[in-house]
Ligand SMILES: Cc1ncc(COP(=O)(O)O)c(C=O)c1O
């Protein structure tokens, strides 16, 4: 039925039928996504979940106490200003101003959102005209895609290229953009480039040189850059975090994205933020006001307390130390097993090359896996046989580039050490499925 057709009258006793919005057939919105296929309900009951990127430990006690305090006030239970609560905007200003080398204006340059996701969605509502193109580097965070297509934008894909063969010396630094490919992807309809550093799922931290080359393209073609920096508190081995907004000429065209969920182990709180010039934040605020009006109040107060106290409590450094240990525990098992991976310098994911894993041809795979990349088969097989789940990386590529990702499974290490050790012990069982 076409969307402008009148609904047919409902026959006696039959359920009514409604025409679905055509936007639901874009952006893989209705297809069975990787999260529902690799969902706990479909996997063995005692499977260890290293698939989804949520922590299995709570937020810091002092951040949770601030949430409790807020719930015990009257104002903390009511609407906030659509820009975000004053206390959180002030805390964001105090935390981020030194990092951007400018005093951020809490009225015009900071916008609190309902998780990074919704802030990004609002930016696309504000800035995309039908047919506007948005450049995404693959593998990309999968929520970008429907958020762009629901707003009638057109994703244009530029892959990060992994090293042809992974060996011990290679790291997430070795996933490279072909800058000629990036330049060829720009058309008169290009409106925006999305950058994600530290990167999910590669764990790559973009260098100043790489970001400068992206900035050069953005300036030359007058593009907006959305810089997704939700993992800006999770960089390892003293890697410096370069913000593209700080490069010459970039502040006025960059929206930087952050998330309390990643910074304070509270992904379910749905508190995030956008930082940028008044010219970009103002219309994004107008869009967001019409979408969610405002973000939940008590957890904004708690996020503010987190930012206010984190430095004096030594939290940022402690968090990096803890994540470094988690990463290294998991890597050690892969080293022992002899599976290659690309060492992540940021975020909490590691990509493991599973091309050596041999899967019996007659293995009973469910229909949902059939026809997908090899990584879907490997991920399913390992979850069933070893009871450790992961996420197939080809999900984060367009169909044309899927083959680049299907060598890899993504394992999340935002889990406590005990869980990582248990997972590592089980993963040792992989060796019986590995060729030479
Ligand atoms: C790269 C990236 N951007 C954005 C988000 C969404 O963040 P939030 O949970 O604050 O919406 C995620 C979450 O996994 C992510 O990995």
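Which residues, taken from the range 138-157, are away from the ligand (no atom under 11 Å from the Cβ) and outside any loop (DSSP other than H, G, I, E, B)?
Going through the range 138-157, the residues away from the ligand (no atom under 11 Å from the Cβ) turn out to be 138, 145-146, 148-157.
The answer is 138, 145, 146, 148, 149, 154, 155, 156, 157.
Between 285, 307, which is outside any loop (DSSP other than H, G, I, E, B) and within 16 Å of the ligand (Cβ to nearest atom)? Walk me through it before giving the result.
Values: 285 fails: within 16 Å of the ligand (Cβ to nearest atom).
One residue alone meets the criteria, 307.
Here is a list of conditions, (1) under 29 Å from residue 240 (Cα atoms); (2) out of contact with any helix residue (DSSP H, G or I) (no Cβ under 9 Å at 6 or more places or on another chain), and residue 400 meets all of them except one; can you say which number that is?
(1)
Would you mention how many residues in the range 27-51 are closer than 30 Å to residue 152 by Cα, in contact (Cβ under 8 Å) with a residue 12 or more places away in the chain and surrounded by fewer than 19 Cβ atoms within 10 Å (Cβ to Cβ)?
5
Table: residues versus (1) assigned to a loop (DSSP other than H, G, I, E, B); (2) modelled with pLDDT under 95.
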position	(1), (2)
10	yes, yes
18	yes, yes
44	yes, yes
59	yes, no
63	no, no
76	no, no
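Considering each of 242, 225 in turn, give the residue that is touching a strand residue (DSSP E or B) at 6+ places or on another chain (Cβ under 6 Å), away from the ligand (no atom under 14 Å from the Cβ) and on the phi < 0 side of the Ramachandran plot.
Numbers: 242 fails: touching a strand residue (DSSP E or B) at 6+ places or on another chain (Cβ under 6 Å).
Only one candidate passes the filter, namely 225.
Of the numbered conditions (1) within 25 Å of the chain's Cα centre (by Cα); (2) buried (at least 19 other Cβ atoms within 10 Å of the Cβ), residue 403 satisfies every one except a single condition; which is it?
(2)
Counting only residues that are touching a helix residue (DSSP H, G or I) at 6+ places or on another chain (Cβ under 7 Å) and within 16 Å of the ligand (Cβ to nearest atom), which one in the range 342-372 is farthest from residue 383 (Cα to Cα)?
345
Is it true that some residue in the range 138-148 is buried (at least 18 other Cβ atoms within 10 Å of the Cβ), in contact (Cβ under 8 Å) with a residue 60 or more places away in the chain and more than 21 Å from the chain's Cα centre (by Cα)?
Within the range 138-148, not a single residue is buried (at least 18 other Cβ atoms within 10 Å of the Cβ), in contact (Cβ under 8 Å) with a residue 60 or more places away in the chain and more than 21 Å from the chain's Cα centre (by Cα).
Let me confirm something: among 133, 109, which residue is closer than 15 Å to residue 257 by Cα, away from the ligand (no atom under 16 Å from the Cβ) and either touching a residue at least 60 places away in the same chain (Cβ under 8 Å) or touching a strand residue (DSSP E or B) at 6+ places or on another chain (Cβ under 6 Å) (or both)? Break it down into steps so the answer makes sense when it comes.
Numbers: 133 fails: closer than 15 Å to residue 257 by Cα.
Step by step, each of 133, 109 is checked, and only 109 is closer than 15 Å to residue 257 by Cα, away from the ligand (no atom under 16 Å from the Cβ) and either touching a residue at least 60 places away in the same chain (Cβ under 8 Å) or touching a strand residue (DSSP E or B) at 6+ places or on another chain (Cβ under 6 Å) (or both).
From 49, 151, grab the single residue that is over 16 Å from residue 270 (Cα atoms), within 21 Å of the chain's Cα centre (by Cα) and in the same structural domain as residue 398 (by TED's automatic domain parsing).
49
With in a strand (DSSP E or B), out of contact with any helix residue (DSSP H, G or I) (no Cβ under 8 Å at 6 or more places or on another chain) and assigned by TED's automatic domain parsing to the domain that holds residue 255 as the only criterion, which of 111, 166, 160 stands out? Explain how you work it out, then say what you get.
Values: 111 fails: out of contact with any helix residue (DSSP H, G or I) (no Cβ under 8 Å at 6 or more places or on another chain); 166 fails: in a strand (DSSP E or B).
The conditions single out 160.
Taking residue 89, is it in contact with a strand residue (DSSP E or B) (Cβ under 6 Å, 6 or more places away or on another chain) and without any contact (Cβ under 8 Å) to a residue 60 or more places away in the chain? Give the derivation first.
On the way: in contact with a strand residue (DSSP E or B) (Cβ under 6 Å, 6 or more places away or on another chain): yes; without any contact (Cβ under 8 Å) to a residue 60 or more places away in the chain: yes.
Yes: the conditions hold for residue 89.
Kindly list, by first and then second residue, each pair from a residue in the range 191-204 that is touching a residue at least 24 places away in the same chain (Cβ under 8 Å) and closer than 23 Å to residue 280 by Cα to a residue that is near the ligand (Cβ under 9 Å from one of its atoms) and not in a loop (DSSP other than H, G, I, E, B), limited to pairs with Cβ atoms under 9 Å and residues at least 6 apart or on different chains.
Once the first residue is touching a residue at least 24 places away in the same chain (Cβ under 8 Å) and closer than 23 Å to residue 280 by Cα and sits in the range 191-204, its partners that are near the ligand (Cβ under 9 Å from one of its atoms) and not in a loop (DSSP other than H, G, I, E, B) give 194/120; 194/144; 194/228; 195/228; 196/144; 196/228; 196/257; 197/228.
Going by the conditions given, is residue 261 part of a helix (DSSP H, G or I), in the same structural domain as residue 126 (by TED's automatic domain parsing), within 24 Å of residue 243 (Cβ to Cβ) and within 12 Å of the ligand (Cβ to nearest atom)?
Values: part of a helix (DSSP H, G or I): yes; in the same structural domain as residue 126 (by TED's automatic domain parsing): yes; within 24 Å of residue 243 (Cβ to Cβ): yes; within 12 Å of the ligand (Cβ to nearest atom): yes.
It is true that residue 261 is part of a helix (DSSP H, G or I), in the same structural domain as residue 126 (by TED's automatic domain parsing), within 24 Å of residue 243 (Cβ to Cβ) and within 12 Å of the ligand (Cβ to nearest atom).
For residue 274, which of the numbered conditions (1) within 16 Å of the ligand (Cβ to nearest atom); (2) surrounded by 18 or more Cβ atoms within 10 Å (Cβ to Cβ); (3) not in a strand (DSSP E or B) fails to hold?
Looking at each condition in turn, residue 274 falls short on (3).
So which of 129, 90 ends up being part of a helix (DSSP H, G or I) and surrounded by fewer than 18 Cβ atoms within 10 Å (Cβ to Cβ)? Spell out how you get there, then give the answer.
On the way: 129 fails: part of a helix (DSSP H, G or I).
Residue meeting the stated conditions: 90.
Somewhere in the range 404-415, is a residue at pLDDT 95 or above and more than 22 Å from residue 431 (Cα to Cα)? Full working, then the answer.
Let us first name the residues in the range 404-415 that are at pLDDT 95 or above, namely 408-415.
Adding the requirement that they be more than 22 Å from residue 431 (Cα to Cα) leaves 414-415.
Yes; the residues of the range 404-415 include at least one that is at pLDDT 95 or above and more than 22 Å from residue 431 (Cα to Cα).
Quickly run through the range 184-210 and pick out the residues that are outside any strand (DSSP E or B) and within 16 Å of the ligand (Cβ to nearest atom). Steps first, please.
Quick first cut of the range 184-210, residues outside any strand (DSSP E or B) only: 184-189, 197-210.
197, 198, 199, 200, 201, 202, 203, 204, 205, 206 - these are the residues of the range 184-210 that are outside any strand (DSSP E or B) and within 16 Å of the ligand (Cβ to nearest atom).
What residue, of 232, 167, is buried (at least 16 other Cβ atoms within 10 Å of the Cβ) and either within 14 Å of the ligand (Cβ to nearest atom) or modelled with pLDDT under 95 (or both)? Before the answer, list the steps.
Values: 167 fails: buried (at least 16 other Cβ atoms within 10 Å of the Cβ).
Sole residue among the options that is buried (at least 16 other Cβ atoms within 10 Å of the Cβ) and either within 14 Å of the ligand (Cβ to nearest atom) or modelled with pLDDT under 95 (or both): 232.
Kindly indicate whether residue 120 is within 16 Å of the ligand (Cβ to nearest atom) and either surrounded by fewer than 14 Cβ atoms within 10 Å (Cβ to Cβ) or assigned to a helix (DSSP H, G or I) (or both).
Details: within 16 Å of the ligand (Cβ to nearest atom): yes; either surrounded by fewer than 14 Cβ atoms within 10 Å (Cβ to Cβ) or assigned to a helix (DSSP H, G or I) (or both): yes.
Yes.
The values are calculated or read from the model by the stated rules, or taken from the named source; none is laboratory data. A quick note: this is a predicted structure, and the numbers were derived from the prediction, not measured. Every residue, glycine among them, receives a Cβ derived from its backbone with ideal geometry; neighbour counts consider all protein chains shown.
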